[in-house]
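Okay, structure first, notes after.
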Amino acid sequence: MPQDIKDILVGILLGDAHIRRRSPTCNSNLIFAQTAVKHKEYFYYVYGFFKPFCIKDYSPLLNMNLNKKTNKVYSSLSFSTMQLPCFNIYHEMFYISKIKIVPHNIYDLLTPKGLAFWIMLVLSIFVFFLPNYLGDSENYNPGNPMSTPISIVPEWYLIKNLNCLAFMPITSYNDALSNKNKAITENEGKSGIYQWTHLDSNKSYVGSSVNLGRRLRNYFNTTFISHTTRKLMVINKALLKYGYSKFKLEILEYCTPKDLAKREQYYMNQISPKYNILKTAYSSLGYKHSEEALKKVQSNLQKLNLSKSIKVKVTNLETNLSVEFVSLREAAKSLNTNKTTLKKYIVQSKLFKDIYKLESDLSVSNYDSNYLNHPNSIKIEVIDLELNTVTNYASIRAASRVLDINHNTIRKYFERNQKSPYKGRYIFKKVM
């Protein structure tokens, strides 16, 4: 296929043109239609470029359609090419699960010629700025798209104004509250990028998910987003404060799970969403925790140390019998108390119930020593695609405890050099 035909094909695919592929084993064909009266001249102009791709002696079809609402008959012209391999690549770029999309590499695909053909198809959208930007405005006739020569679209204008195309959402739900069920249902099981926008301030949040329907269901659950671990997220605070009716929800793009981070980063770079605290997709790079948050993390780590890894020796001074327990929890359970109480007696070197002597080396036999600083520990980063969080763990075993995943499963993930998310949710990365 010649390059100029490729350019035109991209332009018309952004408009009314359609590529059909009946099955994965079949080749694709191009279908193009326009109203017979208003766009007849333009239709035949486009047909002239693609006539070599049609069967010999092919003639465009004249269709007559009855509009049942107006009871008027409308005519249209259409042509369909042969099923050819050269159209397959464009079907793959412009369609996901039979849904037409704007390819993520549109900046590379769209040339000045392609943009001119697209403008001709959606000319009414651009009428308000065409006289200002299309140079030779004196010779421009809004009633005749063919009067706009391709050469008068300046290259700097394309670069500056392609945002109108790059950020054309797949779907937009202007009132998120009234479109709640529709948004969840239409995006169930689909992987892609979404954006919340506060209608009054125009502040936005860009996120991604391997299952947009499940992610949106969580967003619309006030109990879920107001949970202690989630209510501090800026977007959650905004949704709770202003209400869903004050937000617009958009699906910016559908893409495969492996491309989520790259595509989310692309939109974050272009939009600079104010509600996104982290500036790097799937990473906490550049984010500084508050002093209060750091103290809380340290406190929780200390509790974890004491509850899971401290060996405790308990001696009954009346019988002089000693028993060693593998953890503080097990010792507390045997003595019919809780680990917090037992910890106090250990730290203060007091007899428990005036009869039990408690011995434990907290500085050596703790979680921090056994796991955080172990010479063979592998530090890993875990990306949770469902909760959109990134967490660093000091070892594989530490992550396996928190995530309730067998540590050997995580080890095999690395041994197999696996890239796809574990159970469609977790991505594991080694921290060097």
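Observations
- Long-range tail of P(r) for the stretch 381-432 (Cα pairs > 16 Å, %): 32
- The heavy atoms of residue 329 present about 120 square angstrom of accessible area, all protein chains included, probe 1.4 Å.
- Three-way shape label, the stretch 188-288, alpha-carbon gyration tensor, a/c 1.5: rounded
- By accessible area with a 1.4 Å probe, ligands and nucleic acids excluded, highest first: order of 201, 349: 349, 201
- Separation of the alpha carbons by more than 29 angstrom is noted, of 241/429; 6/262; 203/430; 190/379; 6/98; 190/429, for 241/429; 203/430; 190/379.
The values are calculated or read from the model by the stated rules, or taken from the named source; none is laboratory data. These numbers come from a predicted model, not from an experiment. Accessible surface areas use protein heavy atoms only, side chains included; no ligands, DNA or RNA. Shrake-Rupley method; radii C 1.70, N 1.55, O 1.52, S 1.80 Å.
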